[in-house]
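Before any comments, here is the structure.
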Amino acid sequence: MTAKIIDGKAFAAGLRLRVAEHVERLKSEHGITPGLAVIIVGHDPASQVYVNSKAKQTQEVGMNSFKYELAEDVPEQEVLDLIESLNQREDVHGILCQLPVPKHIDENKIIEALSPAKDVDCFNPSNVGKVAIGLPGPVPCTPLGSLMLLRDELGDLSGKNAVVVGRSNLVGKPMAALLLRDSATVTVAHSRTKDLAAICAAADIVVAAVGRPQMIKKDWIKPGATVIDVGINRIDAPERGEGKTRLVGDVDYSGVSEVAGAITPVPGGVGPMTIACLLANTITTTCLANGIEPPSDLTA
Ligand code: NDP
């Protein structure tokens with residue numbers, strides 16, 4: 001069997017079109033233009049790339065994009081004051097602070113300072129709690145994107161055996177919560193899990209969020225299973241020339257795609273969904289802030 005490739009890039013493009021339609025509707029029916037503010041502290045090149053990409057896509061879907069670039073040595077209080085002023089602004093419906101921040105700034109203080117109503121990355125504990133009990137609000141972007149791809153591929157996830165490998169607050173735990181909300185039977189594996197291969201081999205769905213290049217092997221996967229590879233790892237690629245690297249996931253793609261029913265590639269799978277879901281969350285927070293029912297096609 002050769003697995004179907006789940007094209008996250010194409011799905012994300014479609015999702016952005018849907019977001020753009022909702023933006024248009026908010027403008028024409030309610031006179032509201034959703035606004036997303038992004039804060040970046042320092043000059044980390046990877047963070048700059050992410051932030052620029054977020055700002056560009058925000059504008060492309062018709063939202064207002066506000067970007068705040070702060071110096072590497074900005075006092076923590078200045079960042080907190082900026083967040084507080086954005087919390088108060090009516091034209092800002094989503095705020096995110098690109099992580100990591102320099103060491104002199106406490107990440108937890110940043111997360112707590114963000115109004116939960118504008119926390120489009122869904123880091124605030126109150127939003128995490130809402131995800132767990134199924135209340136409306138922003139949903140962690142990468143798990144939301146992974147869930148959308150799974151629903152699109154499999155339809156109803158009810159009763160499926162799902163294994164999530166990884167239990168981070170960012171990916172693994174919210175992914176497990178979302179799968180459970182969709183009535184999958186969920187197992188969460190982590191670094192202390194015994195006989196991970198056998199646990200994965202019983203799964204209809206494997207979501208890999210480990211951060212270890214190509215760890216999940218062909219013989220761990222049940223024939224026909226759906227595999228979502230969240231991992232993004234850069235490895236040496238001497239075949240491309242001296243000093244060259246390439247991106248791989250947490251799944252051994254070439255082996256696993258011989259047995260899986262469907263699989264996300266890296267790059268081009270879950271990655272593109274993350275920013276698209278950030279925009280979807282901004283629609284959700286805009287609607288909730290204005291007493292409008294959030295569109296069901298943009299959330300979990
Ligand atoms: P973390 O490092 O926070 O968590 C990794 C998890 O994997 C931990 O729960 C850890 O277990 C578990 N783990 C580590 N080694 C093993 C092992 N040998 N066997 C089983 N479990 C193991 O990573 P993140 O969740 O933040 O990210 C995971 C991956 O996803 C990374 O490659 C990251 O780059 C990528 N990512 C991709 C995104 C995207 O947009 N596509 C967004 C966010 C992340 P324990 O808790 O016991 O230590």
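Laid out as a table, the results:
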| read-out | value |
| --- | --- |
| Condition check for residue 116: within 23 Å of residue 250 (Cβ to Cβ) and buried (at least 16 other Cβ atoms within 10 Å of the Cβ) | no |
| Residue within the range 145-162 that is open to solvent by 50 Å² or more (accessible area, probe 1.4 Å), polar (S, T, N, Q) and modelled with pLDDT of 95 or more present | yes |
| Odd one out for residue 140 among (1) without any contact (Cβ under 8 Å) to a residue 40 or more places away in the chain; (2) open to solvent by less than 70 Å² (accessible area, probe 1.4 Å); (3) more than 18 Å from the chain's Cα centre (by Cα) | (3) |
| Residue 191 vs. criteria within 21 Å of the chain's Cα centre (by Cα), outside the structural domain of residue 46 (by TED's automatic domain parsing) and within 16 Å of the ligand (Cβ to nearest atom) | no |
| Residues of the range 139-173 that turn out to be away from the ligand (no atom under 16 Å from the Cβ) and part of a loop (DSSP other than H, G, I, E, B), as a count | 6 |
| Tally of residues being more than 16 Å from the ligand (Cβ to nearest atom) and surrounded by 24 or more Cβ atoms within 10 Å (Cβ to Cβ) across the range 261-283 | 2 |
| Residue 126 being surrounded by fewer than 17 Cβ atoms within 10 Å (Cβ to Cβ) and farther than 28 Å from residue 26 by Cα | no |
| Residue selected from the range 122-144 under the condition more than 22 Å from residue 268 (Cβ to Cβ) and touching an Asp or Glu at 6+ places or on another chain (Cβ under 8 Å), by the criterion modelled with the lowest pLDDT | 124 |
| Residue tally, condition within 14 Å of residue 40 (Cα to Cα) and open to solvent by 50 Å² or more (accessible area, probe 1.4 Å), over the range 82-102 | 1 |
| Residues (away from the ligand (no atom under 16 Å from the Cβ), among the hydroxyl-bearing types (Ser, Thr, Tyr) and open to solvent by less than 70 Å² (accessible area, probe 1.4 Å)) located in the range 237-260 | 257 |
| Given (1) within 11 Å of the ligand (Cβ to nearest atom); (2) buried (at least 18 other Cβ atoms within 10 Å of the Cβ); (3) more than 16 Å from the chain's Cα centre (by Cα), number of the condition residue 234 does not satisfy | (2) |
| Selection from the range 177-191 of residues that are open to solvent by 10 Å² or more (accessible area, probe 1.4 Å) and under 21 Å from residue 212 (Cα atoms) | 187, 188, 190, 191 |
| Only one of 44, 106 that is open to solvent by 30 Å² or more (accessible area, probe 1.4 Å) and at pLDDT 95 or above | 106 |
| Residue ranges of helices (runs of 4 or more DSSP H) in the range 27-138 with at least 1 members among the hydroxyl-bearing types (Ser, Thr, Tyr) | 45-60, 76-88, 125-133 |
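The values are calculated or read from the model by the stated rules, or taken from the named source; none is laboratory data. Everything quoted here is computed from the prediction, not taken from an experiment. With ideal geometry, Cβ positions are generated from the backbone for all residues, glycine too; neighbour counts draw on all protein chains shown. The area values use the complete protein model at the heavy-atom level, side chains included, leaving out ligands, DNA and RNA. Shrake-Rupley method; radii C 1.70, N 1.55, O 1.52, S 1.80 Å.
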